[in-house]
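Read the structure below first, then the notes.
The values are calculated or read from the model by the stated rules, or taken from the named source; none is laboratory data. Just so it is clear, the model here is predicted, and its values are computed rather than measured. No Cβ is skipped: glycine too gets one built from the backbone with ideal geometry, and neighbour counts run over all protein chains shown.
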Amino acid sequence: MINTLMGSFSQEEFLLSGHNACPGCGPAIAVRHIMKVTASRAVIVIPASCWSIISGVVPLRALETVVMHCPFPSAAATGGGIKKGLEAVGDPHTQVLVLAGDGGTFDIGLQGLSGAAERNEDIIFVCYDNEAYMNTGMQKSSASPYGSYSTTTPAPKVKGNPKKDIMKIMAAHQVPYAATATIAFPGDLSSKVERALERKGFRFLHILTPCPQGWGSPIDKTVELSRLAVLTRLFPLWEVEGGVNYRINFLPEEYLPVNEYLKSQKRFSSLEQSQVDFIQENVERQWEELCHKAGVANRFSAALAGHKNGRK
């Protein structure tokens with residue numbers, strides 16, 4: 001099933017070479033795939049984030065389209081205003097795409113995001129999630145996972161509460177379309193961008209994008225980590241329409257324990273086994289809940305029982 005999520009892509013590039021991304025940058029890979037679908041049909045709105053640097057400083061640029069930079073908390077409001085302005089001048093076709101990090105989505109941008117979702121603004125809001133404020137020094141955000149360390153939660157005082165569930169928040173707004181994606185499954189990512197383009201109203205894409213510098217992972221493991229996040233079900237691929245119609249897009253055929261994902265990241269290096277077990281149990285609970293909402297059988301129930309018995 002993995003092969004069906006890989007896809008085939010245009011050879012034309014809309015992310016130009018020579019940009020400012022770090023080696024192994026997950027957000028740069030994600031935007032490259034997004035741009036192959038949207039091409040020059042979209043106006044991109046970027047708040048303060050890694051991508052406000054990657055996109056280039058005038059007169060340089062990295063994206064072959066129109067880019068609007070805005071303050072940290074106002075990305076969704078700016079996107080909605082631009083869309084209303086385009087419609088006012090007789091252009092209902094140009095798509096407005098907001099490109100924000102987890103800080104500009106989960107935290108500083110959450111109030112504007114919620115307002116735009118509630119008003120059903122006709123924009124696509126993309127969160128590229130590298131799970132911390134990477135652009136300003138790798139500080140903790142509410143997207144940082146339980147047990148991870150950052151410059152503001154150094155080991156052993158790692159983050160002690162779970163990651164905010166932004167997809168549940170979006171589903172609660174009953175937006176027309178919300179979906180998760182990763183760069184390890186580019187066909188799935190591209191298909192979800194296309195589905196978002198086909199719809200009207202507020203659309204939300206949550207994309208996991210590893211950051212080697214912030215995660216303490218090798219620069220050549222960015223895609224592999226994205227894949228392991230899905231195979232361990234720490235970051236499942238799914239979508240929801242109208243807050244009620246759930247679909248799981250990928251059901252792993254094998255059970256991979258969460259430690260397969262955690263062990264190659266320095267940010268989790270201080271975890272004790274009891275903390276790893278807590279993460280595993282949280283994954284099982286959330287997966288069971290997602291399977292129930294999507295109306296599919298949880299094929300990992302027996303594996304979970306074996307995992308618990310093995311610990312004993």
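Things worth noting here:
- Filtering segment 194-211 to residues that are hydrophobic (A, V, I, L, M, F, W, C), crowded, with 23+ Cβ neighbours inside 10 Å and over 30 Å from Ser269 (Cβ atoms) leaves Ala196, Phe202, Phe204, Leu205.
- Qualifying residue in segment 152-175 (condition: buried (at least 24 other Cβ atoms within 10 Å of the Cβ), under 15 Å from the mean Cα position of the chain (by Cα) and not in a loop (DSSP other than H, G, I, E, B)): yes
- Residue in segment 58-65 that is in contact with a Ser or Thr (Cβ under 8 Å, 6 or more places away or on another chain) and at pLDDT 95 or above present: no
- Test for Ile166: is it closer than 18 Å to Val37 by Cβ and not hydroxyl-bearing (Ser, Thr, Tyr): no
- Residue within segment 264-282 that is assigned to a helix (DSSP H, G or I), among the hydroxyl-bearing types (Ser, Thr, Tyr) and within 20 Å of Ile183 (Cβ to Cβ) present: no
- Exactly one residue among Glu253, Glu239 is at pLDDT below 95 and outside any helix (DSSP H, G or I), and that residue is Glu253.
- Some residue of segment 114-125 being closer than 16 Å to His173 by Cβ and part of a strand (DSSP E or B): yes
- Checked against the criterion of being within 20 Å of Cys211 (Cα to Cα) and in contact with a Pro (Cβ under 7 Å, 6 or more places away or on another chain), the candidates His19, His33 yield just one match: His33.
- Residue-level analysis places Ile29 outside the set of residues that are surrounded by fewer than 17 Cβ atoms within 10 Å (Cβ to Cβ), under 20 Å from the mean Cα position of the chain (by Cα) and in contact (Cβ under 8 Å) with a residue 60 or more places away in the chain.
- Close pairs from segment 125-140: first at positive phi, partner crowded, with 22+ Cβ neighbours inside 10 Å and among the β-branched types (Val, Ile, Thr), Cβ under 8 Å, at least 6 apart: none
- Odd one out for Arg227 among (1) in contact with a Gly (Cβ under 9 Å, 6 or more places away or on another chain); (2) part of a helix (DSSP H, G or I); (3) over 18 Å from Leu99 (Cβ atoms): (1)
- Criterion violated by Ser142 - all others in (1) closer than 23 Å to Ser264 by Cβ; (2) among the polar types (S, T, N, Q); (3) within 16 Å of the chain's Cα centre (by Cα) satisfied: (1)
A quick yes/no check of all residues on (1) surrounded by 18 or more Cβ atoms within 10 Å (Cβ to Cβ); (2) outside any loop (DSSP other than H, G, I, E, B); (3) at pLDDT 95 or above:
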| site | (1), (2), (3) |
| --- | --- |
| Phe9 | no, no, no |
| Gly18 | no, no, no |
| Gly24 | yes, no, yes |
| Lys36 | yes, yes, no |
| Lys83 | yes, yes, yes |
| Gly90 | no, no, yes |
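- Condition met for Pro210 (in contact (Cβ under 8 Å) with a residue 12 or more places away in the chain, under 22 Å from Thr153 (Cα atoms) and within 20 Å of the chain's Cα centre (by Cα)): yes
- All told, Gly214 falls short of being surrounded by fewer than 19 Cβ atoms within 10 Å (Cβ to Cβ) and small (Gly, Ala, Ser).
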